[in-house]
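Taking it in order: structure first as structure tokens, then the write-up.
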Amino acid sequence: MPAPDTRLWSIDTPNTSYVVAVDDHDRLRGLHWGPRLSAEQALALLELPESPFRPVIGREPRYDLSTGSAFQYGHNGLQVRFADGTRDLELAFTEAVEGDGALAFVFTDRHYPLEVRTRYRTRPDSDVIERTLELRNRGTEPIEVVRADSATWVVPGLDEPRLSQLHGEWGAETQLTRTTIPYGETVIGSRRGVTGHQSNPWVAIDDGAATETAGPVWSTALAWSGTWRITVEKGPTGSVTVSAGFGHDPIAIRLDGGATLETPVAAGLHTAHGFAGAASAWHDYALAHVLPHPGEVRPVLYNSWEATEFDFTAEDQMRLADRAAAMGCELFVMDDGWFGARVNDRAGLGDWTPNPDRFPDGLGPLIKHVHGLGMRFGIWVEPEMVNPDSDLYRAHPDWVYHQPHRRRSEVRQQLVLNLARPDVADHIHARLDELLSGNEIDFVKWDMNRPFTEAGWPGNDDPDRLWFDHTRNLYAILDRLRADHPHLRIESCSSGGGRVDFGILRRTDQVWTSDNTDAVDRIAIQDGFAQVYPARVMGAWVTDSPNPLTRREVPLDFRFHVAMAGVLAVGGDLRIWSDDEQARGAELVADYKRVRPTVQLGRRRPLRAGNVTGVQYDRGDTTVVLAWRRARDFAYPDPLLKLHVDPDARYREVRTGRVHHGAILASHGLDLGLTPADYASAMIELTREP
Ligand code: DGJ
């Protein structure tokens, strides 16, 4: 909404406003990000004294009061170098263009032929604002783009600004941590070519006092699966800006004459309802506006990786499929080890034809068997990679990222294909298309198991563009495969949760959360994951006990109940599960299928009482409570778990028929009836009485 006779605009969502103004120096300044303002209230922002807020694009001036000149010292989300070496931008405001649910501000450099567009997009059912930046070279000489952040968000002044982030590593992804923001710049990101385990491209800012259910929270997420950085800067007066963009220091990309560079979406969200309120708004946004098949629930899948790793025959896969089907699984996924010479991790990556010893008649008999059991069939691929010991690498040793006079570092005996090359991208697309066209494959698990090293592209005079084009070509391949195989569903995996972001989720259906399937560790991983991403995409397998990675022994129910908080799957070696375990597993799978729409599509709220933690999912009249307790302290009874329910309603427990007063559930809590033993857990389904 533009204000008449001013250069002020309010970008409104159902509950919030982001107000910007173009000042007398043609800088776009963020004046407000918070509760929704009326037009009159927004205009009143112009009467406030000069605030420490900084422009949202272009330079960050610190005024020399005596001369009125501006200097660039702090973080700068847009940095270019013109052909003559000039680095500074002097942008003049051209126009604001509205249309297609978006508002774009257009600036042009006062001397050089560069046009800059910063775009804000809103939707009527969400408080998420999507922002992108577009650079257009209207001249003939190339411009070097050193940095083009999609958005710099201006957070209003806070006394004790606090940063929430998701950090981690392989096997310990999405660990939620909250810290006081130091003065200066705090940068998180990835230089690995992929989103990364170390940081997820999301941050939240609050005033240090927000709780799960109350208090203002500002958050942003970057929809990009390559390298990225988010810079949180606290200025001397305590003001905070958050700038998010693709690329990393020190790479730059060339913008040729006539070319346009469009950045990925940086999405921003303000809520007044605490961390769980923010998480739930992100989930709604993902379900309605990011995922390709909104409203669809994910099937219970079985994955063979932990059962067999590389050691299997087609017959082994069939036996696992028999057991998985008997347990109620709906999708059978054959993991790594089915193709080329891939009988261990030393060979075969790149050769996407069935291993002739394991599948002498191709994949057809196994797929027929799986379909005959009433399950869908899925298959693992890692298309961006090659083992040096493969036919592909022998034929095309120049197809991997490499640099002259530098060794090619192998990680897990593999190298990264230069997917930025159009011929390599075409080759990968063709091989996958062939695989999908020649076999009745319903699901692909797309893995990516090593970061870039020696990321060079000899012979290319703009080699840094590989960091951007790799991801763009990955997206293009996924988009094309989806369009040509509309029934296909895709899981994003990168050694567990190394590629989880809104960019990949726009073209995939679920993600592999972590290679750590230990139910106890998973509680924390899942809790961090859920700050941004919905249960509908969070792959969660029940595997063997002791857990293969941590060696922890955890009862079957506990393992199931933790996995039931996401997209339930089974990943254990069912050949060695006892009949009792099989039967109990089948009961729990059936329970999950009943509550699945509520878990996958409902509203999530974290629960905690002493050493009991859990989650509550709500959808319509159904409430599902999943709760876990590792060990009791002394011999104390387990605490009741307070629920987020309507105090004026009554709720019936589906299994027992017992009716509870909402007032008691909300103020005293629910008796979970946990066993006194260690690793106790419960799943309780409640329906609101009419
Ligand atoms: C890493 C994945 O995270 C695992 O689930 C499995 O698919 C292996 N790769 C196979 O190599």
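Each value in this text was obtained by applying a stated rule to the coordinates, not by laboratory testing. Because the structure is a prediction, the values reported are computed rather than measured. Note that we place each Cβ from the backbone using ideal geometry, even for glycine, and neighbour counts take in every protein chain shown.
Overview of values
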item	result
Using θ = phi - 60° and Karplus 6.51 cos²θ - 1.76 cosθ + 1.60, couplings along region 220-230 (whole Hz; Gly, Pro as x)	9, 9, 9, 8, 8, 10, x, 6, 7, 8, 10
Given charges at Cβ of Lys, Arg, Asp, Glu: the chain dipole, positive-most of 271, 468, 365	271
Cα point-scatterer Debye curve for region 561-604, base-10 log of I(q)/I(0) at q = 0.31 Å⁻¹	-1.15
Residues with amide H under 5 Å from that of residue 15, placed H, sequence gap 5 or more	none
Extension reserve of the residue 249-residue 214 stretch, reckoned as 0.36 nm per residue once the Cα distance is removed	8.9 nm
Enclosed volume per residue, in Å³, of the convex hull spanned by Cα atoms of region 106-261	145 Å³
Length gained when the stretch residue 462-residue 311 is fully extended (0.36 nm per residue, less Cα-Cα span)	50.0 nm
Taking the convex hull of Cα positions in region 322-394, its mean projected area over all directions (nm²)	5.1 nm²
Where Rh is the Kirkwood radius over Cα pairs, Rg/Rh for region 519-627	0.96
Listed peptides 76-84, 300-308 by packing density, highest first (mean Cβ within 10 Å)	300-308, 76-84
Rough spin-label spacing in nm, given labels placed 7 Å along Cα→Cβ, for residue 98 and residue 322	6.7 nm
Inter-part distance where region 579-641 and region 526-573 are each reduced to a Cα centre, Å	12 Å
Region 1-40 residues near the modelled residue 88 label - backbone nitrogen below 19 Å, point 7 Å along Cα→Cβ	23-28
Local electrostatic count, residue 92, Cβ distance below 10 Å [Lys/Arg +1, Asp/Glu -1]	-2
Radius ratio Rg over Rh of region 554-690, counting only Cα atoms, Kirkwood formula for Rh	0.97
Across 445/642; 445/593; 368/593, pairs whose alpha-carbon gap is larger than 30 Å	445/642
Helix-only [θ]222 nm of the chain, DSSP H runs n ≥ 4, -39500 (n - 2.57) each, per residue, nearest 500	-6000 deg cm²/dmol
Charged-residue dipole, Cβ positions (Lys, Arg, Asp, Glu), region 169-260 about Cα centre, Debye nearest 20	240 debye
Length released on extending from residue 115 to residue 293, taking residue separation times 0.36 nm less the Cα-Cα span	60.5 nm
Listed residues 409, 332, 419: farthest to the positive end of the dipole of region 326-422 (Cβ charges)	409
3J(HN,Hα) from dihedral phi, region 235-245, Karplus parametrisation 6.51/-1.76/1.60, rounded to Hz, x for glycine, proline	x, x, 8, x, 5, 10, 10, 10, 10, 10, x
Debye, to nearest 20: dipole size of region 360-473, +1 on Lys, Arg Cβ, -1 on Asp, Glu Cβ	340 debye
Kirkwood-type radius of region 95-176, with distances r between different C-alpha atoms, in Å	16.3 Å
Projected-area mean, region 462-513, by convex hull of Cα positions, square nanometres	4.0 nm²
Spacing of the two label points (7 Å from each Cα toward its C-beta) at residue 256 and residue 408, in nm	2.7 nm
Rounded D (µm²/s) - region 220-333, Kirkwood Rh over Cα pairs, Stokes-Einstein at 20 °C, 1.002 mPa s	111 µm²/s
Computed magnitude of the charge dipole of region 416-478 (debye, nearest 20; Cβ of K, R +1, Cβ of D, E -1)	160 debye
Stokes-Einstein D for the chain, Kirkwood Rh over Cα pairs, 25 °C, 0.890 mPa s (µm²/s)	92 µm²/s
Using a Förster distance of 51 Å, the FRET efficiency for residue 590-residue 46 (Cβ separation, nearest 0.05)	0.25
In order through region 129-134: 3J(HN,Hα) via Karplus (6.51 cos²θ - 1.76 cosθ + 1.60), integer Hz, x for Gly, Pro	10, 9, 10, 9, 10, 10
Estimated FRET transfer efficiency when R0 is 41 angstrom, pair residue 125-residue 552 (beta carbons, to 0.05)	0.45
Two-decimal log10 I(q)/I(0) for region 414-462, as the Debye equation yields it once each C-alpha is a single scatterer, q = 0.18, 0.20, 0.21, 0.27 Å⁻¹	-0.74, -0.85, -0.90, -1.14
Simple spin-label estimate for residue 621 and residue 573 in nanometres, 7 Å along Cα-Cβ	4.7 nm
Computed E for residue 580/residue 272 - FRET, C-beta separation, R0 45 angstrom, nearest 0.05	0.35
Radius, Kirkwood style, for region 385-523 when every pair of distinct Cα atoms is counted (Å)	16.3 Å
Over region 296-422, equivalent-ellipsoid semi-axes from the Cα gyration tensor in Å	32, 15, 12
Percent of C-alpha pairs per 10 Å bin, region 361-417, short to long	19, 35, 19, 19, 7, 1
